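Remarks on the structure that follows.
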Amino acid sequence: MDKKSLLAIVMITVVILILPYYYNLIYDEPVIEDTVKERVVEDPTAPKQDVAITPEQIKTPEVLSAEEETIEVPEGAITEAAEIFYSDIKTPLITAKISSQGGGTFKHWYLNEYDTWEGHSAIIIDHAILQNGIGLTFTTITGERVNLNNYKFELEGSIPKKIELGSEDSYTFRYYLEMENTKIQKNITIHGDSYHIDLDLTVMGAKSLLLNDDYEISWINGLPSNEKNIVEDYTYSESYARMGGEMEDFSIDSEERIRPIPINGQTDWIAIRTKYFLSAIIPTEARTSGAIFAGEGVQINDVIQRRYNTSIICDLQGESIKDTYRIYMGPLDYTVLSDYENGLTDLIMNHGWYETTFRPVSLLILRVFKFFQLFIPNYGIVIILFSILVKIVVYPLTKKSYKSMKEMSRVQPLLTEIREKYKSDPPRMNKETMKLYKEHGINPLGGCWPMLLQLPLLGALFIVFRSTIQLRGASFIPGWIDDLSGADTIFTLPFSLPLYGDQFNILPILMAGTMMFQSKMTMQDPKQKAMVYIMPIFMLLIFNQFPSGLNLYYTMFNVLTIIQQKFTDGTGKTQKNK
């Protein structure tokens with residue numbers, strides 16, 4: 001986790017802890033361990049020369065043609081008859097290019113409905129940027145390590161060079177390779193309505209080819225970043241394996257090459273994520289016996305690029321291989337992933353202890369947002385409606401708290417008298433104070449209950465705005481609040497202030513101003529007047545770099561609270577002009 005993220009989490013926690021005390025003051029109320037499989041495991045691939053990812057390079061480039069690309073073909077591969085054949089694919093959701101090399105290697109895989117920070121289609125695979133994607137490896141009976149991505153496959157049948165699919169269409173590519181008296185068949189099906197492909201792998205006579213009666217299917221070299229803040233994006237980048245209903249995770253934190261780490265157990269899927277995007281390999285019909293974590297941290301300027309090589313170990317069943325896989329390459333979207341019903345949704349808002357703590361509330365908020373979004377396309381308006389909904393929910397509590405505050409104001413002279421009379425006898429003073437509260441039906445903590453109910457919402461909303469793809473790039477007011485998942489920065493200061501940073505934002509100022517106005521309305525003890533200014537300024541410093549969606553929600557909630565306090569008395573009845 002980067003320093004800014006950690007600081008934000010600490011500050012949110014501080015706010016959650018101290019806000020009840022602040023409102024007390026202004027209301028003048030009392031105070032896995034795994035077994036390693038014994039086998040020689042090598043890195044699934046030795047990556048080819050990569051081009052480092054920088055913000056300037058994350059764009060949709062021209063893809064190399066077959067004539068321009070240099071292929072290193074291992075000894076024993078078919079070279080005379082086979083040639084590399086490319087097909088361009090377009091569906092409503094993705095744009096891709098597939099090669100016959102490796103039996104269906106994707107040269108690029110772009111997401112049509114999502115953009116990079118520069119406005120180009122979001123990237124899952126692009127070999128002009130990073131040599132990543134799907135790999136199949138095994139060791140032959142002669143001890144040779146084979147990576148099928150290095151081999152030229154033959155085509156079975158005629159394949160068009162350009163394929164465009166509608167949402168109800170699908171297309172299957174068929175490739176084959178003859179090796180050591182065996183035939184390796186790979187069928188890859190593209191679906192027009194999904195982010196996944198289906199891979200059917202058949203190896204006839206595999207037992208005579210494989211040394212350990214197993215092979216590995218891998219995701220190689222992680223995922224590229226699509227975000228402007230690459231440092232933050234890579235702090236979310238991790239590799240996972242779901243085994244026996246439990247999730248194992250693996251993270252690269254420094255510039256080093258991690259030797260393969262095998263873990264025994266039936267594997268439901270493996271996955272690699274960034275902040276908003278995901279690749280996952282899901283066995284649908286295969287006998288799995290473990291997963292392998294490996295990878296490399298590559299330092300480019302101030303960024304540690306996390307290049308994960310994560311594999312599933314698949315065991316041979318009988319004499320031949322007839323296994324199938326579903327390979328997902330798309331957004332970390334709860335609605336999309338829930339259709340797979342295999343636990344991939346556990347990766348959403350589950351990054352670190354802070355997200356895990358507030359995840360149930362965050363998921364509830366996300367569902368409410370998505371419901372409103374069915375009728376209202378602007379998420380800014382959805383947030384305003386959500387703040388009104390929360391205000392309605394907590395209204396019974398706020399009504400009681402205002403009544404308690406009114407009663408507190410009425411008995412203030414009696415409280416002062418008790419404090420003066422028993423100032424040398426604190427136990428007696430507390431006893432008489434509580435007796436007075438009981439006689440007048442005052443709840444000493446009544447003013448805090450609405451805020452206590454709000455506290456989990458603050459933490460949960462912070463997570464929703466910061467790490468869910470629905471809010472990524474969501475605009476409220478163009479030219480001002482262009483991205484509800486980021487700050488509403490008007491301009492950048494030439495210097496950075498402690499806590500505040502170097503971004504000048506409007507919403508945090510409005511939030512602090514409404515908080516100050518609300519505090520003035522509720523202040524009961526003139527001695528605590530300084531707190532009217534201190535706490536809002538503190539909140540301004542903390543919230544300045546938080547997502548604009550969170551500041552919009554908090555500002556609106558404060559405005560609604562001011563209106564309620566202005567036009568109702570302690571009993572909840574509208575005030576009349578006298």
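See the values below:
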quantity	calculated
Segment 88-144, residues that are closer than 19 Å to TYR215 by Cα, of a type in the set (A, V, I, L, M, F, W, C) and surrounded by fewer than 20 Cβ atoms within 10 Å (Cβ to Cβ)	ILE141
Cross-chain or 6+ apart pairs with Cβ under 6 Å, segment 415-436 first and on the phi > 0 side of the Ramachandran plot, then part of a loop (DSSP other than H, G, I, E, B) and exposed (fewer than 15 other Cβ atoms within 10 Å of the Cβ)	none
Every pair of residues 6+ apart whose Cβ atoms lie under 8 Å, when the first sits in segment 241-262 and is over 16 Å from ILE312 (Cβ atoms) while the second is in a loop (DSSP other than H, G, I, E, B) and among the hydrophobic types (A, V, I, L, M, F, W, C)	ILE258/ILE252
Segment 166-191, subset under 17 Å from ASN150 (Cα atoms) and under 39 Å from the mean Cα position of the chain (by Cα), residue surrounded by the most Cβ atoms within 10 Å (Cβ to Cβ)	TYR175
First in segment 448-466 and small (Gly, Ala, Ser), second anywhere and at pLDDT below 80 and assigned to a helix (DSSP H, G or I), Cβ under 7 Å, 6 or more apart	GLY459/ILE12; GLY459/ILE16
Among the residues listed as LEU499, LEU507, LEU493, the single one being crowded, with 22+ Cβ neighbours inside 10 Å and not charged (D, E, K, R)	LEU507
Residues of segment 249-268 that turn out to be under 24 Å from GLY330 (Cβ atoms) and surrounded by fewer than 19 Cβ atoms within 10 Å (Cβ to Cβ), as a count	2
Yes/no for TYR195 being among the aromatic types (Phe, Trp, Tyr), under 22 Å from THR267 (Cα atoms), buried (at least 18 other Cβ atoms within 10 Å of the Cβ) and touching a Cys at 6+ places or on another chain (Cβ under 6 Å)	no
Looking only at segment 177-228, and only at residues there that are of a type in the set (Gly, Ala, Ser) and not in a strand (DSSP E or B), the one that is farthest from ILE327 (Cα to Cα)	SER208
Verdict on MET434 being of a type in the set (A, V, I, L, M), part of a helix (DSSP H, G or I) and modelled with pLDDT of 75 or more	yes
Some residue of segment 260-270 being in contact with a strand residue (DSSP E or B) (Cβ under 7 Å, 6 or more places away or on another chain), of a type in the set (D, E, K, R), more than 16 Å from HIS351 (Cβ to Cβ) and part of a strand (DSSP E or B)	yes
Entirely in segment 88-145, the strands (runs of 3 or more DSSP E) that have 2 or more residues that are under 22 Å from the mean Cα position of the chain (by Cα)	105-115, 121-126
Test: residue in segment 398-407 that is under 18 Å from the mean Cα position of the chain (by Cα) and polar (S, T, N, Q)	no
Answer from ALA271, ALA291 - the residue that is at pLDDT 95 or above, within 20 Å of ILE123 (Cβ to Cβ), crowded, with 24+ Cβ neighbours inside 10 Å and among the aliphatic types (A, V, I, L, M)	ALA271
Test: residue in segment 412-422 that is surrounded by fewer than 19 Cβ atoms within 10 Å (Cβ to Cβ), modelled with pLDDT of 80 or more and under 29 Å from the mean Cα position of the chain (by Cα)	no
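The values are calculated or read from the model by the stated rules, or taken from the named source; none is laboratory data. Here the structure is a predicted model, which means the values were calculated and not measured. For neighbour counting, all protein chains shown are included, and Cβ atoms are generated from backbone atoms with ideal geometry for every residue, glycine included.
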